[in-house]
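Structure first, then comments.
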Amino acid sequence: MTDQPADNTADHIPDHVEGSGTAEDPWILTTPPGKSEFDAWKDEAADPPALMVQVGSTRLSYRLSCIEDLRAMLVEHGDWMPLGNADEQKEAKSGTVEAWARSGDNPVGGWYGLRKGYRGRFGNYVPPVLEHLGLAEVEHNTRNNRMRAR
């Protein structure tokens, strides 16, 4: 893998992000390919605290610790890592962010997704949050996107 992002990767936080990251004023983000918009916010009062994602009428939730844990893993990884993107029912490709988010070797010992049946798609919805927070760079190609720590 190369140290350089693909030509169409933004070297900065996208300027189209809206919201403050609360349920009342969620971040309005786009998936890495830029084709779908979604809302995300922190729910620190949830048990466990959660990163909430609303895609149309579908609501997904991930452990809020995923933000710090993913960044720490990327720092340790030290290079670009493929995102991967799979529903819970499909196997995640080895070596991807998606596979890490399901692995018994991650800091929570398994799934970061909190709602059974909707625990997948971590590689599609969590990387844009880290990018918005300035914690990671994310590629924005039509397919096969990667990310790395900032």
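Just so it is clear, none of the values below were taken in a lab; they were calculated from the coordinates. The structure presented is a predicted model; accordingly, all values stated were derived computationally and were not measured. All Cβ positions, glycine included, derive from the backbone under ideal geometry; neighbour counts span all protein chains shown.
Some values worked out for this structure:
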{"item": "Whole-Hz ³J(HN,Hα) from phi, Karplus 6.51 cos²θ - 1.76 cosθ + 1.60, for the stretch 41-52, glycine and proline x", "result": "7, 8, 10, 6, 7, 5, 10, x, x, 10, 9, 9"}
{"item": "Tensor-based shape of the stretch 56-150 (alpha-carbon gyration tensor, a/c under 1.5 rounded, otherwise prolate or oblate)", "result": "rounded"}
{"item": "Relative contact order of the chain, defined on C-alpha pairs under 8 angstrom at six or more residues apart (%)", "result": "26 percent"}
{"item": "Karplus 3J(HN,Hα) series, Hz, for the stretch 140-150 with 6.51 cos²θ - 1.76 cosθ + 1.60 (x for Gly, Pro)", "result": "10, 8, 6, 8, 6, 6, 10, 9, 8, 5, 8"}
{"item": "For the chain, size of Cβ-based charge dipole, Lys and Arg +1, Asp and Glu -1, in debye", "result": "600 debye"}
